[in-house]
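Comments concern the structure below.
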Amino acid sequence: MIAMFFWAFVIGGLICVIGQLMMDIGKLTPGHTLSAMVTAGAVLAGFDLYEPLIDFAGAGATIPITSFGNSLVTGAMQEAEKHGIVGVLTGMFEVTSSGISAAIVFGFIGALFFKPKG
Amino acid sequence: MKPGLYKKLASKYEPKRPVLKNCIRAFWTGGLICVIGQAVSYFFIFFFNFTEQTVGNPTVAFMVFLSMLLTGFGIYDRIGQFAGAGSAVPVTGFGNAVISAAIEHRTEGFVLGVGGNMFKLAGSVILFGVFSAFIVALIKSVF
Amino acid sequence: MKKMVLVILLLAGCAPEHDGTAILETADPDAVQLDGKQDGLADTIKKEADSVESIYDTAVVKGKKELLVAYKVRHLDRFKMKKIEKDLTKRIEKIAGKDVEVVVSSDYKIFLEAVRLKEDMAAGLKTEEQADKRLSEIIKLKREMT
């Protein structure tokens, strides 16, 4: 368990450093960086490389935005196994739904309760 | 002035980015957010009926909830100035992008303001995520 | 920062009454056999699982139909979790025979529940019947994907 926390810290931190390097050295905007990282997550999932990383680093791999791309692919593949190629489309949000629905729900609640600053 | 000279001049006067310092900051703040996420997921495993396999969803939802509180009180933006990618790359940064856009545009009304602008910043992440996942999954399921 | 300390305190503070130590350290619970037979199959299987190099802690529960093997993998070997699971399943299925439904899991939650089940049995809180039912519930939980 202690090892899990340690590796979550290291791997999670390293993924953020990659993002920082893309912004500082690659001179990308945050929007470009995050889009690129999501795509990278999806591609890694395509080569079955992201799942072992989650086994190894736990939240260090599931909390960074790269895992969004991974879980989209995972959801699509799960459905594709059941329903063939149509499943790719229908299963897309099977696994990811919580991140987006949470963002929508809490975004709306936030807008109800908080006032804009500055 | 020759073309290209301006760019050269501009880049000369642009403040140099302290890359190493930024990276160290991004490393430990990003790492810390992931450690919090790990603690949250163990919490759900201990006290609720979640396995490691299923714990991802509630953990992410809880992290976005934390992000809402921090964004609403203006704390997340301050963390962001310090941490750079360290706070933008974790899912809390995604939450922050959605929530801050929602809060910022509420004066324009809930439908056009909040509804229309919520995904202004996060939309590209969803677009490229979904599209690349579609391509990857399509290739994978064909071969 | 404060929040994290709070969460960790919460985890640490509540751990003892929920016997959560199984997740922190090597628990090495005795194998449990609920099918009323005295053939020591559960013990044999526990020994077999313990002999796998990447595995350092196992919990075995043998029910009437199902056999649950929960295990922990050495951290640096967690990259090859899939392969370990496959190999272990094969080795255990060979010993257990055809009429036993073998379920292996490296999930902490499943391990935790297997240990809780064993401790409830030892404390006399559950009859064999109830324990067997609980085992089926744990296996159902393991099969949930999302």
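Look at B:Thr71 and say whether it is within 9 Å of chain A (Cβ to nearest Cβ), among the polar types (S, T, N, Q), crowded, with 20+ Cβ neighbours inside 10 Å and farther than 25 Å from C:Arg78 by Cα. When the stated conditions are applied, B:Thr71 passes them.
A search for C-beta distances below 6 Å between a residue of the range B:116-143 that is more than 7 Å from chain A (Cβ to nearest Cβ) and within 24 Å of A:Gln78 (Cβ to Cβ) and any residue that is at pLDDT below 95 and open to solvent by less than 60 Å² (accessible area, probe 1.4 Å), counting only pairs 6+ apart in sequence or on different chains, returns nothing. The residue that is farthest from the other protein chains (Cβ to nearest Cβ), among those in the range B:1-37 that are assigned to a loop (DSSP other than H, G, I, E, B) and among the basic types (Lys, Arg), is B:Lys2. Per this entry, C:Leu24 is counted among residues that are of a type in the set (A, V, I, L, M, F, W, C), open to solvent by 30 Å² or more (accessible area, probe 1.4 Å), closer than 14 Å to C:Phe111 by Cα and at pLDDT below 75. Residue count for the range A:1-39, restricted to those that are under 11 Å from A:Thr66 (Cβ atoms) and small (Gly, Ala, Ser): 3. The set of residues from the range C:39-79 being open to solvent by 70 Å² or more (accessible area, probe 1.4 Å) and closer than 25 Å to C:Asp132 by Cα comprises C:Asp39, C:Asp43, C:Lys47, C:Lys64, C:Lys65.
Only residues that are more than 7 Å from every other protein chain (Cβ to nearest Cβ) and either under 20 Å from A:Ala59 (Cα atoms) or surrounded by fewer than 20 Cβ atoms within 10 Å (Cβ to Cβ) (or both) were counted across the range B:94-106, and they come to 1.
When you check A:Gly12 against the structure, is it closer than 14 Å to B:Phe27 by Cα, buried (at least 22 other Cβ atoms within 10 Å of the Cβ) and among the small types (Gly, Ala, Ser), yes or no? Judged against the criteria, A:Gly12 is a match.
Taking the range A:22-118 as the region of interest, the helices (runs of 4 or more DSSP H) fully inside it that hold 1 or more residues being more than 7 Å from chain B (Cβ to nearest Cβ) and surrounded by fewer than 18 Cβ atoms within 10 Å (Cβ to Cβ) are A:30-46, A:50-57, A:66-83, A:87-90, A:97-113. A:Ile18: more than 20 Å from B:Leu66 (Cβ to Cβ) and within 9 Å of chain B (Cβ to nearest Cβ), yes or no? So A:Ile18 passes the test.
Could we say that B:Val40 is within 7 Å of chain A (Cβ to nearest Cβ), buried (at least 20 other Cβ atoms within 10 Å of the Cβ) and of a type in the set (A, V, I, L, M, F, W, C) here? So B:Val40 fails the test. Taking the condition part of a helix (DSSP H, G or I) and of a type in the set (Gly, Ala, Ser), does C:Ala59 pass? Spelling it out, it is not the case that C:Ala59 is part of a helix (DSSP H, G or I) and of a type in the set (Gly, Ala, Ser).
Evaluated against (1) touching a residue at least 12 places away in the same chain (Cβ under 8 Å); (2) open to solvent by 40 Å² or more (accessible area, probe 1.4 Å); (3) farther than 30 Å from C:Ile139 by Cα, B:Lys16 falls short on exactly one condition, (1).
The values are calculated or read from the model by the stated rules, or taken from the named source; none is laboratory data. All of these numbers come straight from a predicted model, not from anything done at the bench. Positions of Cβ are backbone-derived with ideal geometry, glycine not excepted, and every protein chain shown enters the neighbour counts. Just so you know, the surface numbers come from the protein's heavy atoms only, side chains and all, with ligands and any DNA or RNA stripped out. Shrake-Rupley method; radii C 1.70, N 1.55, O 1.52, S 1.80 Å.
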